[in-house]
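What follows is one structure encoded as C-alpha cells, with my remarks underneath.
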Amino acid sequence: MTKKQEKQWDVAVIGAGPAGYVAAIRCAQLGLKTVCIDEWINHAGEFSLGGTCLNVGCIPSKALLESSRLYQQAKEEFAVHGISATSLKVDVKQMQARKQKVVQDLTQGIQTLFKANGVSLISGRAKITSINKIEISDRSTRKKIEELHARNIIIATGSSPVRLQQAQISDDCILDSAAALEIDKVPKRLGIIGAGAIGLELGSVWSRLGSEVVILEAMQDFLPMVDKKLANLMKRSLVNKNSASRLDIRLNARLISAEVKNKKVQVIYEDTASSNKRGEIKERFDKLVIAVGRKPNSDRLFGEELGIERDERSFVLVNKKCQTSVPHIYAIGDVVRGPMLAHKGSEEGLMVAEHIAGNFAEVNYDLIPSVIYTHPELAWVGKNEAECKAAGIEYKVGSFPFIASGRARAMNESEGLVKIITDAGSDRVIGVHIFSAQASELIAQAVLMMEMQATAEDIALTVFAHPTLAEAFHEAALAVNGRAIHIKN
Ligand code: FAD
Ligand code: AMP
C-alpha cells in the first residue's frame, strides 16, 4: 500500500450537501479527524460544494424567486403606491448572473469553513467497500484515486430528480429542475409536470417574468400534505388571473407522452376526472419541466454484502439516531426517510456528529417546518386538522386573516391567514399554518413556540410589536378561546 492509501480517519462523510457539510464541520469542531468526499461538478465544470441545496436547489431557486418578484412588483404593484415604473425590462442573463454569483459565493464559503474547522476534502466518487473502508474514484474516468479507512462513515449522498419514461430529458426543451433554473430566455409557454413545492416555485419564477405557465398534476388533491383550508386558499390564489402567480394548475392530469418536435414540446395528458374517458388532451409548450419528486442517491454506493439495508424505494434504512443496520455507518438527509428538506438534513448531521463524539443529541422530527416560496408563501409546522382527526386528538382552532392586520394593509399584502391548532385539553399549540407574505420568516416563531411547549394562553399573554405581521399569532392565539380583538370571534 502507498502512503496515500493508508489514511485513517475518525469520520468520513460522503456528500457535502447541507446534511454532509454540516455533519463534517461539527465532527471537526468536536475534535474528530474528519474528511468529506464529494463529486459535484457545476455548470461551469468546476468542483463545487453544497450539493443540491446550494448548486441547483434552495439557493438558486430563491435567488430567482426574489428577482422575479421584484420585477413583478415593479410592473404590477408599484402603481398602487403611487410609483410609476415605465419602460421596465427584464435582463434574464443578468438575473442568472446574479443568481450564479450568490451560489458561487456560498459554495466557496463552505470551502472556507472546511479550512477554518480543519475538515479535509476530497473530490471524487466514493464507494463503501467494507465497513470502514472507502474507495474514491474519478467521477468521469471511474479510475481509482485513493482508498481511506474511517472508524465512522456518514452517508449524506442526497437525492436526484425522478425521471419519467414518457418524457425523456432533452437539453433544450424537456428539462429537470436543475436545468429549469438555467433558462436564459423567458419561454412563451412553459409546461410543468408536478404541482409539488418545486413545480410551484419554478412555475412562479417564469410566470412572473411573463411565461404562460401550465402545471399538470396527476393527483386529484392539490398539496395533499397541507392543511385543507390553506391548500384551497393557496390554489385559489395561485390560479387567480390577477394574482402574483397566474398559474394554470390542472389536477387529475396524468402525463401520457412528451416529445420534442420542431423545437416545441408536444404533450399528451389524460384528464382522469373527465367523464369522457377518451379525454386525451394535447398541449404545445416551448419548454417542459419535469418536477415529479426526487429519489435517494443510494445505488452503487455499497455492496449488498455489507448489510446496509435499504427500503423498496432505495432510502437507506436508519433508526431515530440515523444509524444504519451496520454499526458506525450513519445516513442523513435526503437519502433517508423524512421530508426532503435541507434543514432536516443539517439537523441530522449535527445529531450524528454529537452521537459519534459520545454526546447526547436528537432531532425533533415532529417540529420540522415546511415552506413553499410562492407569493404569498405557505408555511406550516406540526399537525393539521385532518391529522388531528385521524389521531383522535380533540383540538381547537384560532385563525386570523391578514386583511385585519394593520401592517399587512400598509404593505399591500393583506392576503392569507394564520391558523393555530391547540390541544383542547392542555391548550398546547400542536400546529401552525400560515399563508401570507413572509410566511417563511414567520414560521420560525411558531416552531419556537412549539419547541417551548407554549399554550395559546402563553401566546395570548405575550407582547408583540405593533404593527407587525407577527401580531397575527397573538390574535390567532386569542381567537382559540374566542377572545380576538380585531376580528369577530
Ligand atoms: P444533497 O444536497 O443532494 O447533497 C448530496 C451530495 O452528495 C452532493 O453534493 C453529491 O455530489 C454528493 N454525492 C452523492 N453521491 C456521492 C458519491 N458516491 N460520492 C461522492 N459524493 C457523492 N429544501 C429546503 O429545505 N428548502 C428549499 O427551499 C428547497 N428548495 C429546493 C428547490 C429545488 C429546485 C430543489 C431541487 C430542492 C430544494 N430543496 C429545498 C431540497 C434540498 O435541496 C434538499 O433537501 C437538500 O439539498 C438535501 O441535502 P443532502 O445533503 O441530503 O443532499
Ligand atoms: P413533490 O414530490 O412534492 O416534489 O411533488 C411532485 C408531484 O408530481 C406530486 O404531486 C406527484 O403527484 C406529481 N406527479 C408525479 N408523476 C406525475 C405524472 N406522471 N404526471 C403528473 N404529475 C405527476
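General remarks:
- Here Ala156, Ala231, Ala218 are screened, and the one residue that is assigned by TED's automatic domain parsing to the domain that holds Glu270, within 19 Å of the chain's Cα centre (by Cα) and small (Gly, Ala, Ser) is Ala231.
- Screening Ala472, Ala454, Ala446 for residues that are within 27 Å of Ile393 (Cβ to Cβ), in contact with a strand residue (DSSP E or B) (Cβ under 9 Å, 6 or more places away or on another chain), free of Cβ contacts under 8 Å to residues at least 40 places away in the same chain and not polar (S, T, N, Q) leaves exactly one candidate, Ala454.
- Filter result for the condition that a residue is within 27 Å of Gly118 (Cα to Cα), out of contact with any Lys or Arg (no Cβ under 6 Å at 6 or more places or on another chain), more than 8 Å from ligand 1 (Cβ to nearest atom) and assigned by TED's automatic domain parsing to the domain that holds Leu148, over Ile83, Ile37, Ile41: Ile41
- Which numbered condition Ala195 fails, given (1) of a type in the set (A, V, I, L, M, F, W, C); (2) buried (at least 23 other Cβ atoms within 10 Å of the Cβ); (3) within 30 Å of Cys322 (Cβ to Cβ); (4) not assigned by TED's automatic domain parsing to the domain that holds Gly17: (3)
- Boolean, Arg254 is away from ligand 2 (no atom under 16 Å from the Cβ) and outside the structural domain of Gly20 (by TED's automatic domain parsing): no
- Qualifying residue in segment 312-331 (condition: within 16 Å of ligand 2 (Cβ to nearest atom), in contact with a helix residue (DSSP H, G or I) (Cβ under 9 Å, 6 or more places away or on another chain), part of a loop (DSSP other than H, G, I, E, B) and not β-branched (Val, Ile, Thr)): yes
- Enumerated helices (runs of 4 or more DSSP H) restricted to segment 395-489, each holding at least 3 residues that are under 19 Å from Lys229 (Cβ atoms), among the hydrophobic types (A, V, I, L, M, F, W, C) and touching a helix residue (DSSP H, G or I) at 6+ places or on another chain (Cβ under 8 Å): 471-480
- Taken together, Ile174, Ile155, Ile183 contain a single residue that is closer than 27 Å to Ala357 by Cα and of a type in the set (Val, Ile, Thr), which is Ile155.
Let's see how each residue does on (1) acidic (Asp, Glu); (2) assigned to a strand (DSSP E or B); (3) touching a residue at least 60 places away in the same chain (Cβ under 8 Å):
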| position | (1), (2), (3) |
| --- | --- |
| Lys241 | no, no, no |
| Leu255 | no, yes, yes |
| Ile281 | no, yes, no |
| Arg300 | no, no, yes |
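- Against the test of being in contact with a Pro (Cβ under 7 Å, 6 or more places away or on another chain) and either away from ligand 2 (no atom under 16 Å from the Cβ) or modelled with pLDDT of 95 or more (or both), the options Ala342, Ala353, Ala291 yield a single qualifying residue, Ala342.
Residue-wise test of (1) at pLDDT 95 or above; (2) crowded, with 18+ Cβ neighbours inside 10 Å; (3) touching a strand residue (DSSP E or B) at 6+ places or on another chain (Cβ under 9 Å); (4) of a type in the set (Lys, Arg).
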{"residue": "Asp366", "(1), (2), (3), (4)": "yes, no, yes, no"}
{"residue": "Ile372", "(1), (2), (3), (4)": "yes, yes, yes, no"}
{"residue": "Lys419", "(1), (2), (3), (4)": "yes, yes, yes, yes"}
{"residue": "Ile434", "(1), (2), (3), (4)": "yes, yes, yes, no"}
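- Tally of residues being assigned to a loop (DSSP other than H, G, I, E, B) and aliphatic (A, V, I, L, M) across segment 22-45: 3
- Evaluation of Asp299 against the conditions (1) farther than 30 Å from Ser211 by Cα; (2) within 16 Å of ligand 2 (Cβ to nearest atom); (3) surrounded by fewer than 22 Cβ atoms within 10 Å (Cβ to Cβ) shows that the sole unmet condition is (2).
- Which listed residue, of Leu233, Leu209, Leu190, is in contact (Cβ under 8 Å) with a residue 24 or more places away in the chain, within 22 Å of Gln168 (Cα to Cα), of a type outside the set (Val, Ile, Thr) and away from ligand 2 (no atom under 14 Å from the Cβ): Leu190
The values are calculated or read from the model by the stated rules, or taken from the named source; none is laboratory data. Computed from a predicted structure; not experimentally measured. Ideal geometry is used to build each Cβ from the backbone, glycine not excepted, and the neighbour counts take in all protein chains shown.
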